Each structure stands twice: as structure tokens, then as C-alpha cells.
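The values are calculated or read from the model by the stated rules, or taken from the named source; none is laboratory data. Here the structure is a predicted model, which is why all the values come from computation and not from measurement. When we count neighbours, we look across all protein chains shown, and the Cβ atoms used for this are built from the backbone with ideal geometry, even at glycine.
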Amino acid sequence: MTEILTANPHSPLQTYILAARAARDIHDLPKAFEICERGTKVYPNSERLETLSASLPEAALIERTSQRIEQIKSNLKDAEEMIAVGRIIIAADKGKRSSALVLGNALLARRGSTRARNATAWYQYGRCLAAQVKPEEAAAAFRKALSVVPR
């Protein structure tokens, strides 16, 4: 199945999910993470891929997330990667403080990026704040997302 994804990176979302699950089921966790991460680049708003990544064993998830954060430290302008990591953290830790920090930093790094991407970042930040039971701050982030949606 990974050959299909390599040959056609724009494969259906379900193909990414099935390939990642297959890798997980044979205990090839690095491959499962890699497939989820590739899928997230094609389907950046897929909560199914986030949930699948977050469901992988905790020790492996912590290790992979730490590796990705170290990569981000070397390129602080990589807002896409910050958002992807923040979304996994949201899914894994149910919106604790760490995901808010990652997504907040991603929003700062996004200054000057396209409006659609900013809307996605603000939306994800709002999700994180809502999960932390901060309704006023979450509502403000959602309003900001709506204000930057391309028309």
C-alpha cells in the first residue's frame, strides 16, 4: 500500500489511513508515523489522521513528537509543521497547555502567510482553547479564523 502512496501522493484519505493502520498492526511505528505525516500534508485538516497518530503507543508518540519539535527549533518559520505537531498534541493530550503554546507560536510564525492558512491556524488554536475549557478565548480565536477566511 505504501507503494500506492509513493506513486500517487494525492491518494484518497482512506488509503493513508489503511496504510498507517497496516504499519501499526505489524508494529512498524516509524512507518505508521511517516504515513500519517505524509497524509497530513495532503489532507491538513483530517481529524481522522490526527486521531490515528495520537492513538499510536504513547512512548513512540512522545519520541516522534519530540523529534518533530527539535526539527521545528531549527526552522522556526515552519508554521505548517508547528500546526501539524500542535494538532497531534491536541489529539493526544486533549488540549493541555503544551498544544496552546505550539499553536500560538505557529500563529506568530505565520505572519504574512496566506489568509486561508491563517484561518486554519486560528481555527486549530480555537479548538485547543476550547479543549482547555477557555470558551471566551476559543470564541475569539474562532472569530479571528472567520475574519481571515478568503471570500
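Let's see how each residue does on (1) in contact with a Gly (Cβ under 8 Å, 6 or more places away or on another chain); (2) at pLDDT below 75; (3) assigned to a helix (DSSP H, G or I); (4) not assigned by TED's automatic domain parsing to the domain that holds Leu29:
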residue	(1), (2), (3), (4)
Arg68	no, no, yes, yes
Ile90	no, yes, yes, yes
Val102	yes, yes, yes, yes
Asn118	no, yes, yes, yes
Val133	no, no, no, yes
Phe142	yes, no, yes, yes
Ala145	yes, no, yes, yes
Val149	no, yes, no, yes
Hits in segment 38-79 (condition: closer than 20 Å to His10 by Cα, charged (D, E, K, R) and surrounded by fewer than 19 Cβ atoms within 10 Å (Cβ to Cβ)): Lys41, Glu47, Arg48
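Just give me the residues in segment 1-37 being of a type in the set (Gly, Ala, Ser), over 17 Å from Ala84 (Cβ atoms) and surrounded by 17 or more Cβ atoms within 10 Å (Cβ to Cβ), in sequence order. Please lay out each step first, then the result.
Here is the first cut: in segment 1-37, the residues of a type in the set (Gly, Ala, Ser) are 7, 11, 19-20, 22-23, 32.
Imposing the further condition that a residue be over 17 Å from Ala84 (Cβ atoms) reduces the set to 7, 11, 19, 22-23.
Answer for segment 1-37, where residues must be of a type in the set (Gly, Ala, Ser), over 17 Å from Ala84 (Cβ atoms) and surrounded by 17 or more Cβ atoms within 10 Å (Cβ to Cβ): Ser11, Ala19, Ala23.
Among the residues of segment 1-24, which ones are small (Gly, Ala, Ser) and farther than 11 Å from Gly39 by Cα?
Ala7, Ala22, Ala23
Of Ala20, Ala7, which residue is in contact with an Asp or Glu (Cβ under 9 Å, 6 or more places away or on another chain) and not assigned by TED's automatic domain parsing to the domain that holds Ile88? If you could, list the steps in order and put the result at the bottom.
Numbers: Ala7 fails: in contact with an Asp or Glu (Cβ under 9 Å, 6 or more places away or on another chain).
Matching residue, one of Ala20, Ala7: Ala20.
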